[in-house]
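Taking it in order: structure first as structure tokens, then the write-up.
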Amino acid sequence: MTIRDWDGVALIIGAGDIGKCISEYLTAVSPNLKVVVCTRNLTNNKEIYLDLENDHSFTAFENKISLFKKPLRLVINTSGFLHSNQIKPEKRLSHINRSNIIKNFSINAIAPIMIAKSIEKFIRPDLPFSFASLSARVGSIGDNRLGGWYSYRASKAAQNQFLKTLSIEWSRKFPFSIVSILHPGTCDTKLSKPFQAGVPKDKLFTASQSSEYLINIISEQKPSDTGKFLAWDKSLIPW
């Protein structure tokens with residue numbers, strides 16, 4: 001039985017391009033899943049408010065989850081931070097500053113493990129459950145050949161370690177659980193827009209393409225696959 005057949009609740013963390021597409025795709029292919037988007041920028045009353053940098057927000061988030069009549073079956077974290085009007089990826093050491101590092105770690109490393117902490121009490125040990133979070137190939141230490149992007153690389157590597165560790169704990173507590181660390185490829189989104197110049201056309205995916213790749217991976221995984229760092233094409237990425 002794949003997630004397409006699951007009956008329960010799916011939470012999509014983040015309402016960016018990939019988050020929206022995953023929500024739409026899941027709603028289409030998994031009719032028995034109640035798909036709920038969790039975001040800081042609410043657009044309708046079906047969404048759940050969640051500010052990933054505010055601990056009080058996580059408490060309210062848990063209260064909302066507790067109201068669902070169906071079991072929690074799937075949580076996908078699509079949030080991520082790479083740049084803003086004020087913060088850019090560092091090209092060299094001289095660009096490093098503390099506030100940039102903290103911002104990257106807050107969203108890319110701390111938020112995913114805080115999400116896991118909040119949802120743990122709602123996981124049923126007798127049912128299949130999947131927690132997936134978007135990482136990035138540039139978070140791989142073994143695959144780092146170009147350098148640069150210090151804070152983003154390090155924060156994604158930290159997320160990978162958090163979630164690998166989580167997968168070991170949850171495999172003991174929840175034998176049917178799967179923790180997935182996923183690289184969606186380079187997608188044509190606001191996050192990657194300024195950095196697409198060198199990406200071959202056949203390797204620049206739409207958010208819809210990437211969403212389908214990711215859901216296919218999650219759907220096909222078994223508990224023995226928990227804790228893997230995988231690319232959009234199902235290939236293993238070195239840590």
Checklist entry - Helix 150-173 versus the longest principal axis of the chain: what is the Cα-based angle in degrees, 0 to 90, to the nearest 10? => result 20
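Find out how many positive minus negative residues lie around Leu67, taking Lys and Arg as positive, Asp and Glu as negative, among other residues whose Cβ is under 15 Å from that of Leu67. Kindly include the intermediate steps, with their values, before the conclusion.
Details: positive: Lys34, Lys46, Lys64, Lys69, Lys70, Lys121; negative: Glu47, Glu62.
Combined, the nearby Lys, Arg, Asp and Glu give +4.
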Next on the checklist: Heavy atoms of the protein only, probe of 1.4 Å, neighbouring chains included. What is the accessible area of Arg137 in Å², nearest 10?
Outcome noted: 80
Checklist outcome for this item: With a Förster distance of 45 angstrom and the Cβ-Cβ distance between Asn97 and Arg4, calculated FRET efficiency to the nearest 0.05 equals 0.50
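Take peptides 205-217, 163-175 and line them up by average Cβ neighbours within 10 Å, highest first, as a rough protection proxy. Don't skip to the end; give the middle numbers.
Values: 205-217: 19.6, 163-175: 16.4.
Ranked from most to least packed, the peptides come out as 205-217, 163-175.
Determine the order of Arg4, Arg145 by accessible area, beginning with the largest, at a probe radius of 1.4 Å. Working shown, then result.
Numbers: Arg4 70, Arg145 185 Å².
Per-residue accessible area, sorted high to low, gives Arg145, Arg4.
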Checklist entry - Any idea what the relative contact order of the chain is, in percent, if you count C-alpha pairs under 8 Å spaced at least 6 apart? => result 20
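The values are calculated or read from the model by the stated rules, or taken from the named source; none is laboratory data. Everything quoted here is computed from the prediction, not taken from an experiment. For neighbour counting, all protein chains shown are included, and Cβ atoms are generated from backbone atoms with ideal geometry for every residue, glycine included. Just the protein is used for accessible areas: all its heavy atoms, side chains included, with ligands, DNA and RNA removed. Shrake-Rupley method; radii C 1.70, N 1.55, O 1.52, S 1.80 Å.
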